[in-house]
Amino acid sequence: MKKIALCLYGFVGSPFTKSINNDNLSYNIKKIMLELSHLHITNDIIKKNSDYEFDIFIHSMEIEIKDEIIEKFKPIDYLIEEKTNENVFIKKKLNNNLSRLNGNKKVLNLLKKHVTSNKIKYEQVILSRFDIVIEGGLDISKYINNNIKIIDGFKKSTWKDFIKKKKDLYSYELLNYYNKKFGIQKNNINLNKNHIKIIEKIFISSYENIYKISN
């Protein structure tokens, strides 16, 4: 089978805003975001493209759920490391962006090491956050070329609105199951009621050109 490299970077995400301080999220909240991330990536990308074989590479600073990330995604290679201390001379928003770019670079370095060592050819490379959502799924066959493709993820909405479009992923029964399983309601959070904001872009290109994004 033709191969696709899927490079994931960053934190697993927050249920309610992309920019929340991830340090304040409880272990159980991180676990549910990991499950949802895995659910979306499996359904929106991997299963949607069954003609391709996916190799996953990961860079993250989610040390607390490192074992869970590895178990869920079974990456070819990964680097999950402690969050670096913020430079007091750099504004927080700028520091977050630099951290994201650093994650881009590190996960692509893992890919490069694997390609160089094993002489593997990838049809395309997908560079994405963990918490991306692709409405309707991603048909990779439309994007097999050397161009750099930039694709929007899901916009701000509510779980209730989202359920109408993704009944198989976000049924009330499933969300209530997660509420109970992870004790979410103990933190005064109810996944059936709150707003979500999963908004980001994914990048797709050939192996040779994906590094232009990082650079």
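Just so you know, all these numbers are worked out from the coordinates, no wet-lab data involved. Keep in mind that this is a model prediction, so the values were computed, not measured. Cβ coordinates were reconstructed from backbone atoms using ideal geometry, including for glycine residues, and neighbour counts include every protein chain displayed.
Local charge sum around Tyr52 (other residues, Cβ-Cβ under 15 Å, Lys/Arg +1, Asp/Glu -1)?
Working: positive: Lys2, Lys3, Lys47, Lys48, Lys121, Lys142; negative: Asp44, Asp51, Glu53, Asp55, Glu123, Asp139.
Charge balance in the 15 Å sphere: 0.
Evaluate E = 1/(1 + (r/R0)^6) for Ile70 and Ile150, where r is the Cβ-Cβ distance and R0 equals 25 Å; express this FRET efficiency to the nearest 0.05. Intermediate results must be reported in sequence, preceding the final value.
Details: r = 29 Å, r/R0 = 1.15.
With a Förster radius of 25 Å, E is 0.30.
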